[in-house]
1. Failed condition for A32, given (1) free of Cβ contacts under 8 Å to residues at least 24 places away in the same chain; (2) of a type outside the set (D, E); (3) over 18 Å from G183 (Cβ atoms), with all others met?
2. Quick check on segment 169-207: of everything there that is among the small types (G, A, S) and in a loop (DSSP other than H, G, I, E, B), which residue is farthest from H70 (Cα to Cα)?
3. Scan (1) touching a Pro at 6+ places or on another chain (Cβ under 7 Å); (2) under 30 Å from D191 (Cα atoms) for the single condition D107 breaks and write down its number.
4. Just wondering, is there one or more residues in segment 6-15 that are open to solvent by 10 Å² or more (accessible area, probe 1.4 Å), at pLDDT 95 or above and under 16 Å from F91 (Cα atoms)?
5. So which residues in segment 165-182 are farther than 12 Å from E126 by Cβ and small (G, A, S), if there are any at all?
6. Among (1) out of contact with any strand residue (DSSP E or B) (no Cβ under 6 Å at 6 or more places or on another chain); (2) within 19 Å of R10 (Cβ to Cβ), where does V59 come up short?
7. For the list (1) closer than 19 Å to R21 by Cβ; (2) surrounded by 13 or more Cβ atoms within 10 Å (Cβ to Cβ); (3) over 17 Å from the mean Cα position of the chain (by Cα); (4) of a type outside the set (S, T, N, Q), I need the number of the one condition that P44 fails.
8. Cβ-Cβ distance below 6 Å, separation of 6 or more or different chains: which pairs start in segment 72-85 with a residue that is within 15 Å of L52 (Cβ to Cβ) and at pLDDT 95 or above and end on one that is open to solvent by 20 Å² or more (accessible area, probe 1.4 Å) and of a type in the set (A, V, I, L, M)?
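The values are calculated or read from the model by the stated rules, or taken from the named source; none is laboratory data. What you are looking at is a predicted structure, and each value in this text was computed from that prediction instead of being measured. Every residue, glycine among them, receives a Cβ derived from its backbone with ideal geometry; neighbour counts consider all protein chains shown. Ligands, DNA and RNA are excluded from the accessible area calculation, which covers all protein heavy atoms including side chains. Shrake-Rupley method; radii C 1.70, N 1.55, O 1.52, S 1.80 Å.
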Amino acid sequence: MQGVKLTLIRSATLRIEYAGRTLLVDPQLDPAGARDAVPNTPNPRRSPLGELPEPPETVVAGLDAVLVTHLHRDHFDDTAKRLLDKHLPLFCQPPDTERLHADGFTDARPVHGDATLGDLLIVRTEGHHGTGSVGEAMAPVSGFVLHAPGEPSLYIAGDTILCDEVRQAIAEHNPAVIVVNAGAARFNTGDPIVMDNDDVVALAGETDAHIVAVHFETVSHATETRADLRERLHAEDLGQRVSVPEDGSEVPL
């Protein structure tokens, strides 16, 4: 066993050391205020709301591969396109392959069901990026489960609410750690498009896995903060079951 090291960079951007490989998930590397505000949202402000905890060149150094759950700009942005090695393996959902190739990435690898990187197995999962017509407009999105001999399984749910597809992934893969995108991001109409505090608490009641909640305080359509979730977890006596890391911090697993 080589162990698992998970570091939250910012929002949904993770640097993961797993089975001897270094992976970057959903690189949002733009400087603060680089992008226009997300339209039709409760409190529009330019994004990202805060700076990276370290230089983007450091974030992309020494990588073996990148996992891209989908191509919304808070998961794969212009700075990531500029700085990532164009020959690095990029594992993605099939509809995004052509666009990544067009951006100059020569080794974009669509994950139809699963894919491998040495002895690392990468399984793609489904989700719902909201409900109703909003969820349909935001689709498709994916997540990934990582498996390797002698290592705990790690499920990166991606931009999804708590839904049957998430529950099916947990039942099938029995992950030891689940990373969820929380913060209750939403538009002026419709339900949240990622997990809210209720979803995180409900998920903790449905699985014995350790949950890591990320995706906070970087894009202005988020409506719940880390502090909100920590207060709720304390009230529900779930503080030991769910981690809510700060940007730049390693998550104890």
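1. Of (1) free of Cβ contacts under 8 Å to residues at least 24 places away in the same chain; (2) of a type outside the set (D, E); (3) over 18 Å from G183 (Cβ atoms), only one is false for A32: (3).
2. The selected residue is A176.
3. (2)
4. Scanning segment 6-15, I find at least one residue that is open to solvent by 10 Å² or more (accessible area, probe 1.4 Å), at pLDDT 95 or above and under 16 Å from F91 (Cα atoms), so the answer is yes.
5. Passing the criteria: A171, A176, A182.
6. (1)
7. Status for P44: all satisfied but (1).
8. L83/V60; L84/V60
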